[in-house]
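Just so it is clear, none of the values below were taken in a lab; they were calculated from the coordinates. Not measured: the values here are computed from a predicted model. Here Cβ is always computed from backbone atoms with ideal geometry, including for glycine, and neighbour counts include all displayed protein chains.
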Amino acid sequence: MPAPTRTTRESWIDAGLAALADGGPDAVRIDALAQTLGVTRGGFYHQFADRAALLDALLAAWESRSTDEVLERVEREGGDARTRATKAGLLTFSAELLPVDLAVRDWARRDAAVADRLRRVDNRRMDYLRSRIAEIRRGASADDVEATALLAFSLLIGNHFIAADHPGRTRDETAQRASDLLFG
């Protein structure tokens, strides 16, 4: 008789990230995740010491997927500075990663350790964006590069919170026009 297959750590993390995206950190419950995965909660303890360890693993996975993996893919696929900056933004705030990112941002408002991690992630994103903008706008002052990076990053995040209509254009068309204005 074959040994029983354990639910992988990655499966628990994926289910945990989905729960986090749907309901924030309070929705990340061992029993609920076990039910989602169709396993008993005992298998959880083969992968994690406790819920706190899972929450830390979720943050680590979010950080890796939304920075390391995104930036590695962007650099591997190449292109000019504008193409790479645009691709990084699209991948970072993709349908897969955006819900988790927004949940982490909300969580960071109530948890200093999560806020520190979010700051680290956003700093990496801003560093990448600054570098690409400096390439796009050769000779621009450091202040102009910083302001453009802040506007571009704010556009990416804020676009998901603004409910306004854009007469005569779709939201995507308007966001593209804003990007064109920023990156010239």
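Values for this structure:
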{"read-out": "Most mobile of R105, R125, R76 in a GNM of the chain (Cα contacts under 10 Å)", "value": "R76"}
{"read-out": "Inter-probe distance in nm under a simple model that places probes 7 Å from Cα toward Cβ, at D172 and A113", "value": "4.0"}
{"read-out": "Structure-derived semi-axes √(5λ) of the Cα gyration tensor in Å: which label, when the choices are (i) 23, 18, 16; (ii) 35, 21, 11; (iii) 36, 18, 15", "value": "(iii)"}
{"read-out": "MRE, 222 nm, helices only [DSSP H, n ≥ 4, -39500 (n - 2.57), over the chain, to nearest 500]", "value": "-21500 deg cm²/dmol"}
{"read-out": "L102 versus R138: modelled label distance in nm, points set 7 Å from Cα along the beta carbon direction", "value": "4.0"}
{"read-out": "Degrees between helix 51-63 axis and first principal axis of the chain (Cα, 0 to 90, nearest 10)", "value": "30"}
{"read-out": "Spatial separation of Cα centroids for segment 99-133 and segment 30-78, in angstrom", "value": "17"}
{"read-out": "Helix 171-183 vs. the chain, principal-axis angle (Cα, 0 to 90°, nearest 10)", "value": "60"}
{"read-out": "Test item: Cα-centred dipole of the chain, Lys/Arg +1 and Asp/Glu -1 on Cβ, debye", "value": "80"}
{"read-out": "Theoretical FRET efficiency, 1/(1+(r/R0)^6), r = Cβ-Cβ of A52 and R124, R0 25 Å, to 0.05", "value": "0.55"}
{"read-out": "Between 0 and 90°, nearest 10: helix 9-23 axis offset from the chain longest Cα axis", "value": "60"}
{"read-out": "In range of the label at H160: residues from segment 57-85 whose backbone nitrogen is under 12 Å from the point 7 Å along Cα→Cβ", "value": "66"}
